[in-house]
1. L141 fails exactly one of the following numbered conditions: (1) out of contact with any strand residue (DSSP E or B) (no Cβ under 7 Å at 6 or more places or on another chain); (2) of a type in the set (A, V, I, L, M); (3) under 27 Å from L186 (Cβ atoms). What is the number of that condition?
2. When the range 86-109 is examined, which residues are found to be out of contact with any Gly (no Cβ under 8 Å at 6 or more places or on another chain) and at pLDDT 95 or above?
3. Looking at (1) more than 30 Å from W189 (Cα to Cα); (2) at pLDDT 95 or above, which is the one condition that is false for G61?
4. Tell me which residues, restricted to the range 145-173, are part of a helix (DSSP H, G or I) and at pLDDT below 75.
5. Within the range 167-182, is even one residue in contact with a Gly (Cβ under 6 Å, 6 or more places away or on another chain) and within 17 Å of D31 (Cβ to Cβ)?
6. With the condition being within 15 Å of the ligand (Cβ to nearest atom), among the hydrophobic types (A, V, I, L, M, F, W, C) and surrounded by 21 or more Cβ atoms within 10 Å (Cβ to Cβ), I'd like the strands (runs of 3 or more DSSP E) fully within the range 62-144 carrying at least 3 qualifying residues.
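The values are calculated or read from the model by the stated rules, or taken from the named source; none is laboratory data. Note that this is a predicted model, so its numbers are computed, not measured. Don't worry about glycine lacking a Cβ; one is built from the backbone with ideal geometry, like all the others, and counts go over all protein chains shown.
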Amino acid sequence: MAEPGDQPDPEVVAAEEVALVDRPLSLVDHDHRWMGEALAMAEKALAIGELPIGAVVVVDGRVVGRAFTQEATQGRLLVHAELLALDQADRMISVRKGPAVLYTTLEPCLMCLGAASVAVIKRVVFALDSEGDGAGELSRLWDEHRSGGDIPHLRLPPVEGGVRAEESRELFARFVAGRPSPADPLARWAATLVVAAGDVSAGGDEAECEAHAEPEA
Ligand SMILES: [Zn+2]
């Protein structure tokens, strides 16, 4: 078993609602700060061989869920960082007392964006674009084609990207550097994230876009 804090034990983390000091900060400051928490989780994931994807759920200046992706650790497909963080937050009554924001170091997939909607997350903020499987754009399209007015769980939360993207990209670069095999589908997929915007077409099409939803073969 790892040291407490090295890996997020869902039971333990769910039980510790981490209160942080409230001070007058702009939305940009808040986003920067909380993305730092998500990046810290991604760093921990990288340290144990997972893809560097971390997420936190924040309500009223408190972290009520934090996780990193655990697909390799658990050998399961659904244990994305965002879903695990949302699952922790869902056990906290405080989530329903104030607007919850999901911060994640990579543009969320369709599953996690859907889970954020069901959890009535008010806003999703991510760092790095995921051209292959990122579902951020669906938020706008969904609202254009749905009726439901202001019923929260019938809407997808607004999704904003680019917060501390370079730091997330650097973590993926380290992941790729640590897995030099050209046959490694996870590394190939991660490499598409590392490529700077504008150069994404170079290799993005043939990459395994869903690779991060799959444990190591
Ligand atoms: Zn996901």
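1. (3)
2. The answer is V101, L102, Y103.
3. (2)
4. Passing the criteria: P152, H153, L154.
5. no
6. Result: 121-128.
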